[in-house]
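The values are calculated or read from the model by the stated rules, or taken from the named source; none is laboratory data. Just so you know, these numbers come straight off a predicted model, no measurement behind them. Don't worry about glycine lacking a Cβ; one is built from the backbone with ideal geometry, like all the others, and counts go over all protein chains shown.
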Amino acid sequence: MAQVFHRAANTVARASIAGLILLLVLASGLLWVFFRGAYTQSVEVIKDQPAQFSHKHHVNLGIDCRYCHTTVETSAFAGLPPTETCMSCHSQIWTHADMLEPVRASLAENRPLQWTRVNWVPDYVYFNHSIHINKGIGCESCHGRVDRMPLVWRAKTLLMEFCLECHRNPEKHIRPREEVFTMGYQPKQSQSTLGPKLVAEYQVRKLTDCYTCHR
Amino acid sequence: MRAAPLAAVSLACLAAVGCRQTMDTDPKYEAMEPSSFFSDGRSARAPVAGTVARGELKLDTAYYEGRNGDSFVDTFPAPVTKATLLRGRQRYDIFCSPCHGLLGDGNGVVVQRGLRGPVNFHEDRLKRTPVGYYFQVITNGRGGMYPYGYRIPPDDRWAIIAYIRALQLSQDATLNDVPPAARPGLNASHGESGVER
């Protein structure tokens, strides 16, 4: 009986097995990059907002984060400002600017502005602002240079590995409490001496048990 | 042989079900989340008018309104310590300084951008004004100034007022008012004050 397959078919068969494995590895790598990457987590993506509120403008005026995000030190939720907070200044300045029309309409109709959220964690994750603020973790560590954002975007992936990186090594990120709201903070002495000192002073624990965040 | 396609189809179904990220969004409201159930679209409901939460019965009008009967109180209803002043300074810098200025001279950043009206706390009239009046202005606002009561709890309001009093004193202070130990540092500069924020 004549041979059905040519000799070279052996090589082709081996090569295709190797190729298949390679393909699988590549595909899962791609999937990983896609599902765990900055792109899918909408990092640095600007969303449509009901009013063009610029942190760059307002923070650089010297207005403290807490003027608007009032509950960030005391509760889980940082708080977004009600329309009245905008109007405490804009009832008098830039009163006719088109950019502020949605804000004036919101006040007149007693209808809250519905900001599009850019940061969120899934509902099976428990997150709390106040503990981070009170243990000396700066807004910048999780939200980046907000003072350079004309419209807010998400600065970090907020994936589990992002949280854990700091929960394992808080001394790399901790700052003095009075610097928590500072943007562009530079430690006065090197972080490798300051970090462990603050960790001891603020009694910071390494919270890596699953029930810290999944409760 | 019929089993194979059946198994494939059920596997596919399982896989499809597994893709639903139901636990990402539980059927619950998060803070400030809109609601389609209530006509005003708010998931956070206002308590019925007249509701008093436990421990929130505010009978002490001197503390919670700055009044005794019809007149404003002129002494602080709570003790004023150094910690109060430091807290007051921090809260003043957050909530008042954009308009009234870090010094209390009524020349904050927003005024420099065109806002009219914030007063200079160093006017004689305001130095004589009882503390209860300040409390009332912070809580309810006045004229062109919006109310701040919903953002600043009462103990912080008193701390801010204590700090404003300190600012007012500071403008007429002489070297004799400064404890001898602190005098040498005064000539140094306007920079590092050495006071912890």
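For the condition small (Gly, Ala, Ser), within 30 Å of A:Val121 (Cα to Cα) and surrounded by 13 or more Cβ atoms within 10 Å (Cβ to Cβ), what is the one hit in B:Ser43, B:Ser97?
B:Ser43
Is the range B:144-162 home to any residue that is farther than 22 Å from A:Cys65 by Cβ and in a loop (DSSP other than H, G, I, E, B)?
Yes.
Out of B:Leu115, B:Leu103, which single residue is under 21 Å from the mean Cα position of the chain (by Cα) and at pLDDT below 90?
Residue meeting the stated conditions: B:Leu115.
Go through the range A:15-61 and report how many residues are more than 14 Å from chain B (Cβ to nearest Cβ), part of a helix (DSSP H, G or I) and among the aliphatic types (A, V, I, L, M).
13
Out of the range A:83-116, which residues are farther than 24 Å from B:Gln112 by Cα and either within 8 Å of chain B (Cβ to nearest Cβ) or without any contact (Cβ under 8 Å) to a residue 60 or more places away in the chain (or both)?
Passing the criteria: A:Pro102, A:Ala105, A:Ser106, A:Leu107, A:Ala108, A:Glu109, A:Asn110, A:Arg111, A:Pro112, A:Gln114.
Which one is farthest from the chain's Cα centre (by Cα) among residues in the range B:150-172 that are surrounded by fewer than 15 Cβ atoms within 10 Å (Cβ to Cβ) and within 14 Å of chain A (Cβ to nearest Cβ)?
B:Asp155
Name every residue in the range A:58-82 that is free of Cβ contacts under 8 Å to residues at least 40 places away in the same chain and either closer than 19 Å to A:Arg104 by Cα or out of contact with any Gly (no Cβ under 6 Å at 6 or more places or on another chain) (or both), in order of residue number.
Listed by number, the residues that qualify are A:His58, A:Leu61, A:Gly62, A:Ile63, A:Tyr67, A:Cys68, A:Gly79, A:Leu80, A:Pro81, A:Pro82.
Please specify each residue of the range B:107-139 satisfying the condition of being part of a loop (DSSP other than H, G, I, E, B) and either basic (Lys, Arg) or within 14 Å of chain A (Cβ to nearest Cβ) (or both).
B:Asn107, B:Gly108, B:Arg113, B:Gly114, B:Leu115, B:Arg116, B:Gly117, B:Pro118
Are any of the residues in the range B:76-93 small (Gly, Ala, Ser), surrounded by 13 or more Cβ atoms within 10 Å (Cβ to Cβ), closer than 19 Å to A:Thr70 by Cβ and within 14 Å of chain A (Cβ to nearest Cβ)?
Scanning the range B:76-93, I find no residue that is small (Gly, Ala, Ser), surrounded by 13 or more Cβ atoms within 10 Å (Cβ to Cβ), closer than 19 Å to A:Thr70 by Cβ and within 14 Å of chain A (Cβ to nearest Cβ), so the answer is no.
Output the residue which, of all residues in the range A:117-144 that are within 12 Å of chain B (Cβ to nearest Cβ) and hydroxyl-bearing (Ser, Thr, Tyr), is nearest to the chain's Cα centre (by Cα).
A:Tyr126
Suppose the filter is facing chain B (nearest Cβ under 8 Å) and under 18 Å from the mean Cα position of the chain (by Cα); does A:Leu80 pass it?
Yes, satisfied.
Mind listing whichever residues of the range A:178-200 are over 18 Å from A:Arg145 (Cα atoms) and surrounded by 12 or more Cβ atoms within 10 Å (Cβ to Cβ)?
Result: A:Gln191, A:Leu194, A:Gly195, A:Pro196, A:Lys197, A:Leu198, A:Val199.
Name the single residue, out of those in the range A:62-77 being hydroxyl-bearing (Ser, Thr, Tyr) and within 8 Å of chain B (Cβ to nearest Cβ), that is farthest from A:Ile131 (Cα to Cα).
Applying the filter and picking the extreme gives A:Tyr67.
Among the residues of the range A:2-61, what is the count of those that are surrounded by 10 or more Cβ atoms within 10 Å (Cβ to Cβ) and under 30 Å from A:Leu80 (Cα atoms)?
26
Based on what the data block shows, is A:Leu158 within 14 Å of chain B (Cβ to nearest Cβ), under 14 Å from the mean Cα position of the chain (by Cα) and touching a residue at least 24 places away in the same chain (Cβ under 8 Å)?
Yes: the conditions hold for A:Leu158.
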